[in-house]
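The structure under discussion appears below in the form of structure tokens.
None of the figures in this text is laboratory data; all of them are computed from the coordinates on show. Treat the numbers as computed from the prediction; the structure is a model and nothing was measured. Note: ideal-geometry Cβ built from the backbone for every residue, glycine included; neighbour counts use all protein chains shown.
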Amino acid sequence: MKVVDETILSIKSAEYAGDYKVKLLFKNGVERLIDFAGFLGKSKNPQIRKYLNTNTFKSFAVDNGDLQWNDYDLCFPLADLYEGKI
């Protein structure tokens with residue numbers, strides 16, 4: 001799958017979908033369901049592993065078209081999210 005021009009790639013909304021999954025709606029209408037469980041579970045970094053706490057994980061926000069947690073404590077490249085890979 002080829003990513004659209006990253007300069008126009010932007011997230012419109014994000015919704016918790018259970019079990020460390022987030023449903024993303026991009027401004028171009030594309031929807032993705034991203035599963036963060038594997039990434040979080042494999043990490044050895046305590047700053048990342050703290051997001052295994054469901055309440056902490058659910059504290060994400062969309063800020064200027066980016067998905068982020070706690071003022072960019074945890075964030076991912078938009079192109080990766082658009083492709084459904086983290």
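Against the list (1) over 13 Å from Tyr82 (Cα atoms); (2) not in a loop (DSSP other than H, G, I, E, B), the condition Lys44 fails is (2). Within segment 52-60, can one find any residue that is exposed (fewer than 13 other Cβ atoms within 10 Å of the Cβ) and among the β-branched types (Val, Ile, Thr)? Yes, because at least one residue in segment 52-60 is exposed (fewer than 13 other Cβ atoms within 10 Å of the Cβ) and among the β-branched types (Val, Ile, Thr). Can you spot a residue in segment 51-65 that is touching a strand residue (DSSP E or B) at 6+ places or on another chain (Cβ under 6 Å) and of a type in the set (A, V, I, L, M, F, W, C)? Yes, the conditions are met somewhere in segment 51-65. Return yes when Ala79 is touching a residue at least 60 places away in the same chain (Cβ under 8 Å), at negative phi and not in a loop (DSSP other than H, G, I, E, B) and no when it is not. Yes; evaluated as a whole, the condition is true for this residue. Within segment 7-51, the set of residues being hydroxyl-bearing (Ser, Thr, Tyr) and either in contact with a helix residue (DSSP H, G or I) (Cβ under 7 Å, 6 or more places away or on another chain) or surrounded by 14 or more Cβ atoms within 10 Å (Cβ to Cβ) (or both) comprises Ser10, Tyr16, Tyr20, Ser43, Tyr51. The set of residues in segment 16-41 that are in a helix (DSSP H, G or I), more than 12 Å from Ile86 (Cα to Cα) and aliphatic (A, V, I, L, M) is empty.
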